[in-house]
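Student: Here it is: the structure, laid out below.
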Amino acid sequence: SKYGADSVSQIVTFGTMAAKAVVRDVGRVLDLGYNFCDQLAKLIPFQPGQHITLAKAREMEPLLKERENKEEEVRELLELAERLEGLTRNVGMHAGGVLIAPGKLTDFCPIYTADGSGSVVSQFDMKDVEAVGLVKFDFLGLATLTIIDWALRYIRNAECKVQSAERKAGEAGANSSLVTHHSSLDLSSIPLDDKAAYDMLKEARTVGIFQLESRGMRDLLQRARPDRFEDVIALVALYRPGPMELIPEFIERKHGRSRVEYLDPRLEPILAPTYGIMVYQEQVMQIAQVIGGYSLGAADLLRRAMGKKLPEEMAQHRSIFVAGAARNGVSERKANELFGLMEKFAGYGFNKSHAAAYALVAYQTAYLKAHHTAAFLAANMSAVMNDTDKVQTFAEDARLHGIRLLAPDINQSGYRFEPVDTQTIRYGLGAIKGTGESAIASIVSAREADGPFKDLFDFCLRVDKRLVNRRVVEALVRAGAFDSVNDHRAGLLASVGIALEGAEQASRSAQQVSLFGDSGQDREPMLVECARWPERERLQNEKLALGFYLSGHPFNSYAAEVQEFVRTRLDKLTPQSQPVLLAGLIHSFRTQMTRRGKMAVIMLDDGNARVEMTVFNELFEQHRHWLKEDRLLIVEGKITHDEFSGGLRVSADKLYDLNAARNRCARGVRLTCNGQSSAQKLKELLAPYRNGNCPVSVVYHNHRASCEIELGDAWRVSLNDNLLQSLAAWLSEDNVKVVYNEQRNSH
């Protein structure tokens with residue numbers, strides 16, 4: 001509006017065909033299978049900060065070179081991919097870059113309009129627009145501001161409900177002294193000295209807190225223990241690559257363990273908020289003004305010269321500063337010393353106005369989390385609905401704060417996560433994979449128009465089938481969204497096709513009759529008959545829909561046995577001088593190249609916590625066939641403190657699956673039976689697993705006596721899931737017991 005539509009545009013970005021992307025693209029054009037291309041792409045190593053070409057990938061990953069030599073399809077794909085590698089693949093639009101020209105843009109650069117968009121975009125990228133003399137501006141959009149807005153709306157909605165309830169209570173003759181008046185929360189007027197907000201920062205409970213979420217920042221908060229707004233500003237400015245070396249001294253001075261001294265008394269008002277340390281560019285400018293006699297405009301030129309470290313310019317400024325300081329009664333020696341400090345810190349100095357703005361947003365989020373936890377976390381989860389890892393992080397944080405996350409529900413949930421009350425959040429239907437905003441809008445609209453859905457068939461009859469297709473309904477079933485009307489998820493999933501088909505027929509005939517009979521809607525339609533899912537299968541389907549386990553954790557089905565030989569759960573780990581046993585499911589893993597060869601980084605999850613561990617080359621190659629998502633893994637490894645991240649580092653020495661761990665840790669297997677049991681049957685079941693190391697004992701009962709017999713060494717077995725399952729099927733699970741050493745975790 002100000003500069004004219006013909007003078008303003010956004011800025012183009014160019015995406016190129018990197019190694020992984022070009023393999024997938026060429027494979028798609030050659031009509032090769034997705035899994036085939038995906039396997040090849042995953043063989044290309046990933047190393048942070050490094051550009052891995054196809055040529056380099058062959059050197060780093062022998063399996064890629066081997067497949068190229070053996071398989072003609074791979075050879076053809078890589079040959080074509082290498083010729084295309086590095087070419088521009090697509091154009092995009094810079095997230096925040098805006099170009100403002102002093103006249104019509106077409107006088108300075110070519111422009112285009114993206115498909116489906118009314119926005120004009122320059123055809124020069126951000127480097128080229130500067131090269132031709134144009135000015136680009138970076139308009140920063142913060143998702144946190146949207147999160148704050150949503151949280152405030154949730155809080156105000158809750159206040160309206162309370163006020164409405166109180167008004168009704170008052171109208172019914174309730175005691176007027178119980179009726180309170182709520183005012184809507186105004187973030188611009190919240191106190192900047194709120195104890196609960198600072199307690200949250202001191203304890204580093206900062207998931208969702210703007211700028212203060214990282215592991216390193218949480219460690220800094222615990223050490224610095226901020227208790228005033230100036231501290232938050234300083235920490236935001238200090239936690240950056242350059243000024244980080246100032247952090248230890250800042251903390252020592254803040255807590256009175258190190259003396260705060262000033263070269264000149266006039267520096268105290270300038271440096272007192274940061275305990276005598278130059279943190280901000282504005283402080284350098286103020287010192288130049290107060291001591292060196294600079295005007296603020298000249299002080300800004302000094303700041304820029306110091307930042308660029310131009311020797312000739314710096315020598316000139318030093319002379320000006322020393323002369324000005326002399327006029328203000330400062331000796332040449334002290335003036336040179338002060339200028340040296342300014343020169344050192346100006347290279348680190350951060351813009352205080354920027355740090356203060358960020359610190360204010362950080363403090364506001366801390367205040368909301370401290371006083372309106374459910375509303376704040378619901379807003380955060382709504383903002384990251386498409387990233388299931390982040391949703392899970394917030395779900396775990398909610399649990400730590402005593403907030404219950406209710407399952408998605410077709411009769412209760414909206415599109416986003418919403419607080420039900422101060423202690424409860426309802427899962428948003430939009431966060432279920434494979435749904436989408438238009439489908440959920442159709443579901444909510446049908447529910448508001450005609451009331452709650454009675455069952456799957458009623459649901460399929462009333463929603464818009466063009467938007468709510470089979471894939472959407474199946475995702476809702478897997479996620480547990482129908483549990484409130486019928487918790488037989490296996491039966492519901494098997495019935496989706498029939499229900500949708502019946503709904504289509506009913507729509508065409510425009511008659512609301514029973515889909516499975518002609519006696520009206522009084523009789524509940526029958527689901528397809530099938531067995532209910534066991535817990536592990538139910539959770540696996542839940543994870544398919546939500547991206548993580550919500551109603552339970554599959555590790556729980558192993559926990560009773562695993563805790564017999566793994567003493568410590570992951571949330572209780574501490575650094576240990578001796579190797580210890582850990583257990584969990586593989587949540588995720590990735591590989592990367594090191595000087596020692598290929599290394600796997602595995603995220604282990606036991607339902608209580610996650611811990612990242614490293615598995616080095618030889619061990620990785622030995623057990624790579626085990627390393628699959630959701631696989632139970634028992635690890636013998638060393639736990640150390642990670643100084644860089646502030647957390648724990650686990651380095652694996654040995655890996656076991658459950659069978660290997662049983663055979664390593666078990667003292668024996670005890671079978672309980674009676675006179676009805678057959679020795680011949682026992683012999684048949686044990687025979688395929690003989691010649692192992694695990695002794696077998698039989699506890700025998702009849703109506704006259706009981707005894708325990710240990711079978712001879714020739715009948716020692718190798719413990720195996722199949723063996724235990726066949727024994728349990730014969731004797732029942734209660735009568736088959738793996739006995740572990742009383743001294744658990746012994747090596």
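The values are calculated or read from the model by the stated rules, or taken from the named source; none is laboratory data. None of the values given here were measured: they were computed from a predicted structure. Cβ placement follows ideal geometry from the backbone for every residue including glycine, while neighbour counts extend to all protein chains displayed. Heavy atoms of the whole protein, side chains included, go into the accessibility calculation; ligands, DNA and RNA do not. Shrake-Rupley method; radii C 1.70, N 1.55, O 1.52, S 1.80 Å.
Student: Taking a probe of 1.4 angstrom, what is the accessible area of M385 in Å², to the nearest 10?
Tutor: Using a 1.4 Å probe on the heavy atoms, I get roughly 20 Å².
Student: As a test of the formula, what do you get for the chain when each DSSP H run with n ≥ 4 contributes -39,500 (n - 2.57) and the sum is divided by the residue count, at 222 nm and rounded to the nearest 500 deg cm²/dmol?
Tutor: -13500 deg cm²/dmol
Student: Based on DSSP, what percent of beta bridges with both residues in the chain are antiparallel, to the nearest 5? Can you show the working numbers first?
Tutor: Numbers: 59 of 73 bridges.
Beta bridges within the chain, antiparallel portion: roughly 80 percent.
Student: Give the calculated FRET efficiency between R704 and R631 to the nearest 0.05, with a Förster radius of 41 Å applied to their Cβ-Cβ distance. Show your work: numbers first, answer last.
Tutor: Details: r = 48 Å, r/R0 = 1.16.
After rounding, the FRET efficiency stands at 0.30.
Student: Of the heavy-atom accessible surface of the chain (probe 1.4 angstrom), what whole percent is carbon and sulfur?
Tutor: The value for the chain is 49 percent carbon and sulfur by accessible area.
Student: Still on this model: With all protein chains present and a 1.4 Å probe, how do Y34, Y700, Y740, Y3 order by accessible area, largest first?
Tutor: Per-residue accessible area, sorted high to low, gives Y34, Y3, Y700, Y740.
Student: Taking Cα atoms, how many degrees apart are the long axis of helix 535-546 and the longest axis of the chain, rounded to 10 and kept between 0 and 90?
Tutor: Taking the Cα atoms of the chain, the angle to 535-546 is about 30 degrees.
Student: Take a quick pass over the range 322-463 and tell me how many lysine pairs come in under 22 angstrom between Cα atoms, counting only ones 8 or more apart or on separate chains.
Tutor: Numbers: K334/K344; K344/K352; K369/K390; K390/K433.
Number of lysine pairs found: 4.
Student: Counting residues in the range 364-422 as N, plug N into 2.2 N^0.38 Å and put the Cα Rg over that result.
Tutor: Compactness ratio reported: 1.07.
Student: Does the range 407-449 come out rounded, prolate or oblate by the C-alpha gyration tensor, with a ≥ b ≥ c the root eigenvalues, rounded set by a/c under 1.5 and, if not, prolate when a/b is larger than b/c and oblate if not?
Tutor: Note, shape of the range 407-449 comes out oblate.
Student: Determine ³J(HN,Hα), in whole Hz, for all residues of the range 218-229 in sequence, where each value follows from phi through the Karplus function 6.51 cos²θ - 1.76 cosθ + 1.60 and θ = phi - 60°; x replaces Gly and Pro.
Tutor: 5, 5, 4, 4, 5, 7, 7, 6, x, 9, 8, 5
Student: Round to the nearest 0.05 the FRET efficiency obtained for E337 and R156 when R0 = 51 Å and r is the Cβ-Cβ distance. Don't skip to the end; give the middle numbers.
Tutor: Values: r = 56 Å, r/R0 = 1.10.
FRET efficiency, E337 to R156: 0.35.
Student: Roughly speaking, what is the stretch gain from A441 to F616, that is 0.36 nm per residue apart minus the C-alpha to C-alpha distance, in nm to one decimal?
Tutor: Working: separation 175, 0.36 × 175 = 63.00 nm, distance 4.89 nm.
Between A441 and F616, full extension yields 58.1 nm more.
Student: In nm, give the distance between the simple-model label positions of R466 and A679, each being 7 Å from the Cα along the Cα-to-Cβ direction.
Tutor: 7.7 nm
Student: What number do you get for the range 272-316 when its Cα radius of gyration is normalised by 2.2 N^0.38 Å, N = residues?
Tutor: 1.17
Student: Mind checking Rg over Rh on the range 22-177, alpha carbons, Kirkwood formula for Rh?
Tutor: Reported Rg/Rh (Cα atoms, Kirkwood Rh): 1.28.
Student: Give the ranking of D483, D605 by solvent-accessible surface, highest area first, calculated with a 1.4 Å probe.
Tutor: In descending accessible area the options line up as D483, D605.
Student: When the convex hull of the C-alpha atoms of the range 529-678 is computed, what volume per residue in Å³ does it have?
Tutor: 179 Å³
Student: If r is the Cβ-Cβ distance from R624 to N411 and R0 is 41 Å, what FRET efficiency results, to the nearest 0.05?
Tutor: 0.35
Student: Could I ask something else about it? Provide Rg over Rh for the range 440-480; use the alpha carbon set for both Rg and the Kirkwood Rh (inverse mean inverse pair distance).
Tutor: Rounded to two decimals, Rg/Rh equals 0.92.
Student: Might you tell me the accessible area per residue for the chain, computed with a 1.4 Å probe and given in Å²?
Tutor: Per-residue value: 53 Å².
Student: Where does the chain land on Rg/Rh, using Cα atoms and the Kirkwood Rh?
Tutor: Reported Rg/Rh (Cα atoms, Kirkwood Rh): 1.03.
Student: Moving on. Compute the long axis of helix 388-400 from its Cα atoms, compare it with the longest principal axis of the Cα atoms of the chain, and write down the angle in degrees, 0 to 90, nearest 10.
Tutor: Value to nearest ten degrees: 90.
Student: Would you kindly find the accessible area of K344, with a 1.4 Å probe and non-protein molecules such as ligands, DNA and RNA excluded, rounding to the nearest 10 Å²?
Tutor: Estimated to the nearest 10 Å², K344 gives 110 Å².
Student: Now for a different question. Restricting to Cα pairs below 8 Å that are 6+ residues apart, what does the relative contact order work out to for the chain? Please round to a whole percent.
Tutor: Relative CO of the chain lands at 7 percent.
Student: Further question on the same structure: Between rounded, prolate and oblate, where does the range 1-43 land on the alpha carbon gyration tensor, with a ≥ b ≥ c its root eigenvalues, rounded for a/c under 1.5, else prolate if a/b exceeds b/c?
Tutor: prolate
Student: Tally Lys/Arg at +1 and Asp/Glu at -1 over every other residue whose Cβ is under 12 Å from the Cβ of A19; what's the total?
Tutor: Here the count lands on +1.
Student: With an 8 Å cut-off on Cα pairs and a minimum separation of 6 or more residues, tell me the relative contact order of the range 250-342 in percent. Each step should come with its number before you reach the end.
Tutor: Details: 77 pairs, mean separation 20.8, N = 93.
The value is 22 percent.
Student: Report, largest value first, the span of the C-alpha coordinates of the range 655-747 along each principal axis, in whole Å.
Tutor: Extents along the principal axes, in whole Å: 45, 27, 24.
Student: Right, another one. Can you run phi through the Karplus equation (6.51, -1.76, 1.60; θ = phi - 60°) for the range 685-698 and list ³J(HN,Hα) in whole Hz, with x for Gly and Pro?
Tutor: Calculated HN-Hα couplings, in order: 6, 7, 3, x, 10, 5, 6, x, 10, 9, x, 10, 10, 10 Hz.
Student: Among 622-629, 225-232, how do they line up from the highest to the lowest mean number of other beta-carbon atoms within 10 Å?
Tutor: 225-232, 622-629
Student: Could you give the angle, 0 to 90 degrees to the nearest 10, between helix 19-29's Cα long axis and the longest principal axis of the Cα atoms of the chain?
Tutor: The two axes meet at around 60 degrees.
Student: Same structure, new question: About the Cα centre, and with charges only on the beta carbon of Lys, Arg (+1) and Asp, Glu (-1), how big is the dipole of the chain? Nearest 20 debye, please.
Tutor: Working: 92 positive and 96 negative charges, 268 e Å.
Taking the Cα centre of the chain as origin, the dipole is about 1280 debye.
Student: For the range 1-147, calculate the relative contact order in percent as a whole number, restricting contacts to Cα pairs under 8 Å that are 6 or more residues apart.
Tutor: Relative contact order for the range 1-147 comes out at 36 percent.
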